[in-house]
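Have a look at the structure below before the remarks.
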Amino acid sequence: MNTKELTKGIFKENPIFIIMLGMCPTLAVSTQVWNAIGMGAGVIFVLLGSNIFISLLKNIIPDSIRIPSYIVIIASFVTILEMVMHAFMVDLYNALGIYLSLIVVNCIILGRAEAFANKNSVLDSALDAIGMGVGFTLGLTLIAAIREIFGAGTITLINLGDINVVFEVPGLSESPIRVLALSAGALLVMGYLKAFFTWYTAKNEKKAKEAK
Amino acid sequence: MSYIGILVTYIFVNNFILVKFMGICPFIGVSKNSESAIGMGVAVTFVTAVASVACWAVYYGLLAPFGLEYLRTISFILVIAALVQLVEMVIRKMSPSLYKALGIYLPLITTNCAVLGIAIINIDNGYNLLQSFVAGIAAGLGFTMAIVLMANLREKLEMTPVRKAFVGVPITFISAGIMALAFMAFDSSLITNLGLA
């Protein structure tokens, strides 16, 4: 088993912070940790399904119409996801709203289909999908955690209507930095996090060079 | 909602980039100089306007009468992909100079969230055909405004000393965040106060 395919998406090629794909849902649904986890789970499902299918069909799909074919496969999985979520998790479905349908145009999924699944074996494509999906979820959860803790003073781990797990951060829940919960906050947090990761990668590279 | 109300809503109050975050990828990718930003903006405005009408027609003409609403996502994305291809061919035939200016941006628009986004928003809000068309134009204009403003800002930022870790994308996000703060002045009360609801 090739564990490299699994782990590369989590840090080295993290879809959010390093390759910078799939920004729209990242910024829009990162207001609550629970929304981020739900969105991440949705993306993992669609990415896994589409990567496996595209990898299976890679010898059948003609090259000239591959992009429309990929889009149809991806859109089918998104439709399945929408229907399942609507049936079993209405609150999450409403919270994610239009961004759930917009998974179709999430660049990560088409990007992985084009860059990986149409050249590699089914197993490798599945591992790649899980790695990339988990990396996306972790990045999204990180942004959501920062925005929710500082912007609202809470951490919503589960919010299913009947079952709620919400922690309050003492001191912050009375007077949160509300701007972080608003749309401007998403862009600011993203900018500072990206700067942090650029700085961190540069530092590691420098260290590696000196070690040589 | 009145037509002017829709126009103001999607240009200012619900600006697609700064408030709804739809179309962030081209916003970051193509905002390096104002010329290409204008090209991208015009191309997106054109496609959102046509796609709004086409998706509205597909939804109410094909899907709704046969109870196939669940096929909305898959049919809209196909309509948009076909439309972008068609627009590309028509522009290439009719106006080679316009094609030269927009050519490279057109294929990118298929995967622009803004186009699918406005098509779905039109249906969710129950707009009629003309309202959808106006909303499509307004969404495109809002996108154009944000991306052109950003491109001008970035041209200035090029000449400004910025800390090494912030060069490029991070500073663009932070500038966009500050722009979004300014846009918070436009909220839904603007529509009510102007009597456009």
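The values are calculated or read from the model by the stated rules, or taken from the named source; none is laboratory data. Nothing here was measured: the structure is a model prediction, and the numbers come from that model. Neighbour counts are summed over all protein chains in view; Cβ atoms, including those assigned to glycine, are modelled from backbone coordinates with ideal geometry. Calculation scope for accessible area: heavy atoms of the full protein, side chains included, ligands and nucleic acids excluded. Shrake-Rupley method; radii C 1.70, N 1.55, O 1.52, S 1.80 Å.
Measuring between alpha carbons in the structure, the pairs from B:K20/B:K156; A:K12/A:K206; A:K12/A:K119; A:K119/A:K212; A:K4/A:K119 lying more than 23 angstrom apart are B:K20/B:K156; A:K119/A:K212. Stokes-Einstein diffusion of the range A:94-139 at 25 °C, 0.890 mPa s viscosity, Kirkwood radius from Cα pairs, rounded to a whole number: 212 µm²/s.
The protection proxy used here, the mean number of other Cβ atoms lying within 10 Å of each residue, ranks peptides A:65-73, A:103-111, A:87-95 as follows, highest first: A:103-111, A:65-73, A:87-95.
The alpha carbon gyration tensor of the protein assembly as shown gives principal lengths a ≥ b ≥ c with a/c below 1.5, which makes the shape rounded.
Cα centroids of the range A:99-161 and the range A:2-79: 7 Å apart.
Shielding value for B:66-76 is 4, the average number of Cβ atoms from other chains within 10 Å of each residue's Cβ. Classify chain B: rounded, prolate or oblate, from the alpha-carbon gyration tensor (a ≥ b ≥ c, eigenvalue square roots; a/c under 1.5 rounded; otherwise prolate if a/b is larger than b/c)? The shape class here is oblate.
Placing +1 on each Lys and Arg Cβ and -1 on each Asp and Glu Cβ, with no other charges, gives the range A:3-146 a dipole about its Cα centre of roughly 240 debye.
Heavy-atom accessible area, probed at 1.4 angstrom with all protein chains present, ranks B:F66, B:F16 as B:F66, B:F16, highest first.
With q set to 0.14, 0.17, 0.19 Å⁻¹, the log10 of I(q)/I(0) for chain A, from the Debye formula over equal scatterers at the Cα positions, is -0.88, -1.17, -1.32. Couplings 3J(HN,Hα) for the range B:125-138, derived from phi with the Karplus relation 6.51 cos²θ - 1.76 cosθ + 1.60 (θ = phi - 60°), are 8, x, 5, 7, 4, 5, 4, 4, 4, 4, 4, x, 4, 5 Hz, where x marks Gly and Pro.
Of all aspartates and glutamates in the structure, the ones whose alpha carbon falls short of 13 Å from that of B:K32, not counting any fewer than 8 places away in one chain, are B:E155, B:E158. Annotation: cysteines of chain B without a disulfide-compatible partner (Cβ-Cβ under 4.7 angstrom) are B:C25, B:C55.
Between the range B:75-136 and the range B:1-27, the C-alpha centres lie 16 angstrom from each other.
Measuring nothing but how far apart in sequence close Cα pairs (under 8 Å, 6+ apart) lie, relative to its length, the range A:3-146 scores a relative contact order of 50 percent. With viscosity 0.890 mPa s and temperature 25 °C, the Kirkwood radius over alpha carbon pairs of the range B:120-176 converts through Stokes-Einstein to a diffusion coefficient of 180 µm²/s. For the range B:148-197, trypsin sites (Lys or Arg not before Pro) meeting the loop criterion (DSSP other than H, G, I, E, B) and having at most 13 other Cβ atoms within 10 Å: B:R163. The trypsin sites (Lys or Arg not before Pro) of the range A:91-161 that meet both conditions, a loop assignment by DSSP and at most 16 other Cβ atoms within 10 Å of the site Cβ, are A:K119.
About the centre of its Cα atoms, the protein assembly as shown shows a dipole size close to 1320 debye [charges on the beta carbon of Lys, Arg (+1) and Asp, Glu (-1) only; nearest 20 debye].
Mean per-residue shielding of peptide B:166-173 is 6, counting Cβ atoms of other chains within 10 Å of each Cβ. Accessible surface of A:L160, taken over heavy atoms with a 1.4 Å probe and every protein chain present, rounds to 70 Å².
Taking all protein chains as shown and a probe of 1.4 angstrom, A:C24 keeps an accessible surface of around 0 Å².
A dipole drawn for the protein assembly as shown from +1 and -1 charges on Cβ atoms has a positive end, and of A:P62, B:N193, A:I103 the residue lying farthest that way is A:P62.
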